[in-house]
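Have a look at the structure below, then the notes.
The values are calculated or read from the model by the stated rules, or taken from the named source; none is laboratory data. It should be emphasised that the depicted structure is a prediction, and the values quoted were computed from it without experimental measurement. Because the Cβ atoms are built from the backbone with ideal geometry, glycine has one as well, and the counts that use them run over all protein chains shown. When the accessible area is computed, the model is the full protein with side chains, heavy atoms only, and any ligands, DNA or RNA have been set aside. Shrake-Rupley method; radii C 1.70, N 1.55, O 1.52, S 1.80 Å.
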Amino acid sequence: ISTGSPATTVTWMRNGQQLSLNDTYKLIQTVTDRRLSTYNNIFVIKAASSDIIGHTYSCTVINAFGTVSKALTAFTPPTVTISPHETPTAGESFSLTCTVNLAEGDYIVGDSGSPVQWKGPDGASIKSTLQVMTNTYISTLEFNPVRTTHGGEYICQATSTAGTIMDAANIIIQIPPPTLTMSRDPDASTTLRHGDSLTLTCTIQLDEAVDSDVVVTGRLQGQAGMSSNVVARSGNVYEIVLYIPSLRATPSETCICTADVGPGPGVEFIQSSELQTNSLNIIVELSVDISVSYTPPPGFTPGPNEYRAASGPVR
């Protein structure tokens, strides 16, 4: 925009050389205020980007009282890249890095305190650490640890004199396998016998970094195909309880608990855990009571040898 009285003339230059208006370079000039001799000057360049990038264009406005020039160097837009694009496991340390590369002579504009900006899945700005090198900005988001609620789309954005550009990455969080613990009541110090009752409990412990709505699927299998898949929850601890009212004798039997964890209804950016298995062996003894009694006939008095035979081992 040029303003001056008397009226001004406008000249465009490329790298210090005056440009002739032709099919490649065209000036569109409109009057915005004739009284003040105010003109809106639009310079249109119809050329390949390789003929534009890296060159300095200047606008010189002249009237009888002086000359004013403004220059602009055309740069390629910055490149913005987020890495890595992978699936971290909840509970681990994880970082996202955004690398901004600028063309020679280009520079970041905007907020000097946060030249590279991050936005999280909720659209809010996120603080990051920044490393600045020649023509390169490296911004890092640290997650210590990464949690299932960290899953979602992350956007990194930077603005230079050449324009604004951004990159996005969808981070999917892997649910770690749960920890399974088997226990019994009565405990292992008690000998189990045929006909006894037994309560088996499988405790499913989730990592504390699993803080999204999840679904735990489990199954506890005992004797003779008896099983339970009723899961009770207390925080990040889940339990499956199986009551066996009457055990049958067995030299050894394996009771098995299996469980996995998946995202709850409508929960995105979470990947189900691997199936986990734990087992407990039980031994149930066959209990048989045998008693032997002997009643001598009336009037019978055993001699010394007969007495010893009667009171000795039964053959």
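So which residues in the range 163-205 are within 30 Å of Thr81 (Cβ to Cβ) and open to solvent by 30 Å² or more (accessible area, probe 1.4 Å)? It would help to see each step written out before you state the result.
Quick first cut of the range 163-205, residues within 30 Å of Thr81 (Cβ to Cβ) only: 163-176.
Once the filter is applied, which keeps residues that are within 30 Å of Thr81 (Cβ to Cβ) and open to solvent by 30 Å² or more (accessible area, probe 1.4 Å), the range 163-205 yields Thr164, Ile165, Met166, Asp167, Ala168, Asn170, Ile172, Gln174.
Here the condition is being open to solvent by less than 70 Å² (accessible area, probe 1.4 Å), not basic (Lys, Arg) and not in a strand (DSSP E or B); of Leu220, Leu247, it holds for Leu247 alone. Somewhere in the range 137-147, is a residue β-branched (Val, Ile, Thr) and in a helix (DSSP H, G or I)? Checking the range 137-147: not a single residue is β-branched (Val, Ile, Thr) and in a helix (DSSP H, G or I). Considering the range 1-78, the qualifying strands (runs of 3 or more DSSP E), each wholly inside and each with 2 or more residues that are charged (D, E, K, R) and either under 54 Å from the mean Cα position of the chain (by Cα) or at pLDDT below 75 (or both), run over 25-33.
Would you mind stating whether Val210 is outside any strand (DSSP E or B) and touching a Pro at 6+ places or on another chain (Cβ under 8 Å)? Yes. Considered as a group, the residues in the range 231-240 that are surrounded by fewer than 16 Cβ atoms within 10 Å (Cβ to Cβ) and of a type outside the set (D, E, K, R) include one that is modelled with the highest pLDDT, and that residue is Val237.
Considering Val210, Val146, Val216, the condition of being within 30 Å of Ala259 (Cβ to Cβ), touching a helix residue (DSSP H, G or I) at 6+ places or on another chain (Cβ under 6 Å) and at pLDDT 95 or above is satisfied by Val210 alone.
When each of Thr277, Thr295 is tested for being open to solvent by 70 Å² or more (accessible area, probe 1.4 Å), over 20 Å from Asp185 (Cβ atoms), hydroxyl-bearing (Ser, Thr, Tyr) and modelled with pLDDT under 95, the lone residue that passes is Thr295. When Val215 is tested against the conditions (1) in contact with a Lys or Arg (Cβ under 7 Å, 6 or more places away or on another chain); (2) aliphatic (A, V, I, L, M); (3) open to solvent by 40 Å² or more (accessible area, probe 1.4 Å), the lone failure is (1).
Go over the candidates Thr258, Thr199 one by one and state the one that is over 35 Å from the mean Cα position of the chain (by Cα), at negative phi and modelled with pLDDT of 95 or more.
Criteria check complete, one pass: Thr199.
The C-beta contact set for the range 86-101 (first residue free of Cβ contacts under 8 Å to residues at least 60 places away in the same chain, second residue of a type in the set (Gly, Ala, Ser) and surrounded by fewer than 19 Cβ atoms within 10 Å (Cβ to Cβ), distance under 9 angstrom, 6+ apart or interchain) comprises Thr97/Ser83; Thr99/Ser83. Inside the range 55-101, can you point out the residues that are hydroxyl-bearing (Ser, Thr, Tyr), more than 26 Å from Ser114 (Cβ to Cβ) and buried (at least 17 other Cβ atoms within 10 Å of the Cβ)? Tyr57, Ser58, Thr60, Thr89 - these are the residues of the range 55-101 that are hydroxyl-bearing (Ser, Thr, Tyr), more than 26 Å from Ser114 (Cβ to Cβ) and buried (at least 17 other Cβ atoms within 10 Å of the Cβ).
So which residues in the range 159-179 are within 24 Å of the chain's Cα centre (by Cα) and either small (Gly, Ala, Ser) or not in a strand (DSSP E or B) (or both), if there are any at all?
Across the range 159-179, the qualifying residues are Ala168, Ala169, Ile172, Ile175, Pro176, Pro177, Pro178.
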